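Working notes, structure below.
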Amino acid sequence: MDLDKITSFCKRTGIIFPNSEIYSGLSGFWDYGPVGVQMKRNMTDLWWKEFVENREDVIGIDGSIITNPDVWKASGHLESFSDPLMDCKKCKKRFRADHLIEDELDVSTEGKSVDKLNELISNEGLKCPRCGGNFTDVKDFNLMFETNIGPVKSDNSKAYLRPETAQLIFTNFKLAMETSRQKLPFGIAQMGKAFRNEVSPRNFVFRTREFGQMEIEYFTHPDKRDNCPYMTDDIREYEVNILTAEDQKEDKEHKKITIGQAIDSGFMETEWLAYWLYQHYRWFVDLGVDENNLRLREHREDEMAHYARSCFDIDYRFPFGWKEVYGNADRGDFDLRRHIESSGEKLGVYDQEMEERIVPHVVSEPSQGIERSLLVFIMDSYTEEENRTYLKLHPKIAPVKCRIFPLMTKDGLDTKAREIFERLKEDIHVEYEDRGSIGKRYARADEIGVPYCITVDYDTLEDDTVTIRDRDSTDQIRVCIDDLNEVLVELIEGQVEFSEANK
Ligand code: GAP
């Protein structure tokens with residue numbers, strides 16, 4: 001599917017707008033319109049409800065975007081959070097080396113070092129696509145966004161916008177644990193903005209300079225890294241698409257195996273990591289994403305982040321290839337130890353049984369991009385049929401759950417429709433609409449993924465029933481007004497089939 005088509009569809013329907021378009025925009029920044037903001041909010045609320053509110057072992061925090069720069073020194077971001085760049089010696093155009101290699105040579109550069117990229121460029125004789133010139137050596141360029149605090153600009157006033165939400169979890173670890181009276185194992189979640197000075201933002205909202213993350217750091221006792229009490233037979237038997245590091249070496253495709261097989265064969269090293277990978281893979285599937293477009297990909301040794309013992313991504317099959325929407329690393333005690341060494345604070349936990357202070361391990365770090373996830377839901381549900389284009393969104397992600405139309409704006413039909421709107425809005429997000437023909441109103445609702453539309457007609461005035469139309473099948477059923485709230489809630493929650501909803 002064409003990404004330009006999706007970009008203009010999103011603009012036309014009020015989902016995503018180019019940022020500051022009236023001033024020619026700003027590369028790597030996007031704004032969310034009236035429809036997109038609601039979809040994004042629904043999606044993030046679902047994530048927070050499932051992984052924080054509904055769990056006794058996960059708590060949330062909301063750290064600030066700017067923090068003491070020592071945090072970024074300790075985490076290693078100031079030193080090594082970078083992208084590989086090179087310039088054309090002839091026309092002076094600057095390129096992101098890994099992206100250009102992928103585009104021009106069609107080979108994956110995931111995790112390749114600067115030396116390896118230089119080697120590839122020279123072996124393959126890669127030239128500037130603009131003028132045919134040779135390149136300078138590839139060099140690393142730091143992605144941290146700098147800012148200044150206070151009225152005087154100096155080295156001491158320098159600060160950074162956070163490039164990930166995760167570090168704020170580590171700096172708040174002790175206070176969050178103590179104030180919530182949590183015991184190991186437990187997780188701390190955070191959701192919010194992150195900023196990266198990406199050299200070549202691209203692919204619509206896939207790679208941007210400002211984006212959202214939903215992250216959890218899950219802490220365990222270092223000796224209990226492998227005992228996940230939530231692992232069940234059902235989870236072990238669940239099948240996922242998986243691309244192992246071994247299979248990548250041989251250029252193989254992903255295969256279908258169960259979570260249990262992945263643990264038993266040893267490449268998913270801990271039950272905890274497997275458990276959290278399952279939880280998030282399943283989250284996408286339960287919200288309607290086609291499993292054929294999802295896979296777990298194990299990181300190869302040569303691409304593993306310096307802090308990671310093991311790492312898997314959830315990839316989605318985008319029109320521009322399989323790409324990461326979520327990463328999950330076993331970070332061990334890397335971060336807490338770095339912050340203990342740097343700050344001098346005791347961030348360890350006292351183990352009553354062993355009578356010793358231990359540094360917990362992050363056995364799993366689910367880290368999911370908000371906009372990338374939204375793009376997955378949009379792309380996966382985008383449907384073109386002969387006479388309509390619509391988003392087949394899961395009702396829980398849909399920006400509006402139901403629209404209410406009076407057949408005409410006369411004879412009391414509009415008054416009745418407004419009454420129904422007032423009643424329904426107590427339970428679900430509904431909108432009232434009376435402009436244009438009913439056909440046009442259906443088409444506008446379908447386009448943004450509204451799953452159900454209600455029409456108030458002359459029969460309504462006689463028997464207090466209305467028509468509900470299902471977006472995907474376009475089937476219609478007649479339902480009593482008194483039952484409407486309950487029926488719609490059941491439909492949205494997936495508790496009843498549409499054809500059975502009025503029985
Ligand atoms: N704390 C770990 C971490 O930040 P990451 O793989 O760098 O890991 C996690 O980022 C997720 O954040 C990615 O899977 C992706 O969904 C999202 N993300 C990262 N960089 C992004 C960018 N430039 N634009 C949009 N989303 C991005």
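The values are calculated or read from the model by the stated rules, or taken from the named source; none is laboratory data. Because the structure is predicted, anything quoted here is derived from the model rather than measured. Cβ atoms come from the backbone with ideal geometry, glycine included; neighbour counts cover every protein chain shown. Heads up: the accessible areas ignore ligands, DNA and RNA and are worked out on the full protein's heavy atoms, side chains in. Shrake-Rupley method; radii C 1.70, N 1.55, O 1.52, S 1.80 Å.
Exactly one residue out of Leu175, Leu168 is closer than 19 Å to Ser80 by Cα, not basic (Lys, Arg) and not in a loop (DSSP other than H, G, I, E, B): that is Leu168. The set of residues from segment 248-266 being assigned to a loop (DSSP other than H, G, I, E, B) and under 14 Å from Asp226 (Cβ atoms) comprises just one member, Gly266. Scanning segment 469-503 for residues that are within 32 Å of the chain's Cα centre (by Cα) and outside any loop (DSSP other than H, G, I, E, B) turns up Arg469, Asp470, Asn485, Glu486, Val487, Leu488, Val489, Glu490, Leu491, Ile492, Phe498. Residues in segment 12-36 that are at negative phi and free of Cβ contacts under 8 Å to residues at least 12 places away in the same chain: Arg12, Glu21, Ile22, Tyr23, Leu26. Among the residues examined, Val400 qualifies as in contact with a helix residue (DSSP H, G or I) (Cβ under 9 Å, 6 or more places away or on another chain) and away from the ligand (no atom under 16 Å from the Cβ). Counting the residues of segment 210-222 that are surrounded by fewer than 19 Cβ atoms within 10 Å (Cβ to Cβ) and either outside the structural domain of Gly63 (by TED's automatic domain parsing) or near the ligand (Cβ under 10 Å from one of its atoms) (or both) gives 1. Criterion first (of a type in the set (Asp, Glu) and open to solvent by 40 Å² or more (accessible area, probe 1.4 Å)) does Asp333 satisfy it? Considered against the rule, which asks whether it is of a type in the set (Asp, Glu) and open to solvent by 40 Å² or more (accessible area, probe 1.4 Å), Asp333 comes out as no. Which residues, counting only those in segment 314-330, are within 13 Å of the ligand (Cβ to nearest atom) and open to solvent by less than 50 Å² (accessible area, probe 1.4 Å)? Within segment 314-330, Ile314, Asp315, Tyr316, Phe318, Val325, Tyr326, Gly327, Asn328, Ala329, Asp330 meet the criteria.
Ser75: closer than 29 Å to Thr136 by Cα, more than 19 Å from the chain's Cα centre (by Cα) and touching a residue at least 24 places away in the same chain (Cβ under 8 Å), yes or no? No, not satisfied. So is Tyr382 over 30 Å from Ala74 (Cα atoms), surrounded by fewer than 21 Cβ atoms within 10 Å (Cβ to Cβ), among the hydroxyl-bearing types (Ser, Thr, Tyr) and more than 16 Å from the ligand (Cβ to nearest atom) or not? Yes; evaluated as a whole, the condition is true for this residue. Counted as qualifying within segment 1-101 are the helices (runs of 4 or more DSSP H) with 3 or more residues that are open to solvent by less than 20 Å² (accessible area, probe 1.4 Å) and not β-branched (Val, Ile, Thr), namely 34-48, 69-75.
The set of residues in segment 417-440 that are more than 23 Å from Asp483 (Cβ to Cβ) and either within 28 Å of the chain's Cα centre (by Cα) or in a helix (DSSP H, G or I) (or both) comprises Gly439, Lys440.
Only a single item in (1) assigned to a loop (DSSP other than H, G, I, E, B); (2) at pLDDT 95 or above; (3) more than 16 Å from the ligand (Cβ to nearest atom) is not met by Phe204, and it is number (3). Being in contact (Cβ under 8 Å) with a residue 60 or more places away in the chain, within 16 Å of the ligand (Cβ to nearest atom) and closer than 30 Å to Phe334 by Cα is the requirement here; does Val376 meet it? Spelling it out, it is not the case that Val376 is in contact (Cβ under 8 Å) with a residue 60 or more places away in the chain, within 16 Å of the ligand (Cβ to nearest atom) and closer than 30 Å to Phe334 by Cα. Scanning segment 272-282 for residues that are surrounded by fewer than 18 Cβ atoms within 10 Å (Cβ to Cβ), charged (D, E, K, R) and touching a residue at least 40 places away in the same chain (Cβ under 8 Å) turns up at least one hit.
The number of residues in segment 387-416 being touching a residue at least 24 places away in the same chain (Cβ under 8 Å) and either open to solvent by 70 Å² or more (accessible area, probe 1.4 Å) or part of a strand (DSSP E or B) (or both) comes to 12. Count of segment 174-192 residues, restricted to those that are open to solvent by less than 30 Å² (accessible area, probe 1.4 Å) and not β-branched (Val, Ile, Thr), is 7. If you check Pro360, Pro366 for being more than 16 Å from the ligand (Cβ to nearest atom), closer than 30 Å to Leu273 by Cβ and surrounded by 21 or more Cβ atoms within 10 Å (Cβ to Cβ), only one passes: Pro360.
In the set (1) assigned to a helix (DSSP H, G or I); (2) within 14 Å of Ile314 (Cα to Cα); (3) in contact with a Lys or Arg (Cβ under 7 Å, 6 or more places away or on another chain), the condition left unmet by Ile242 is number (1).
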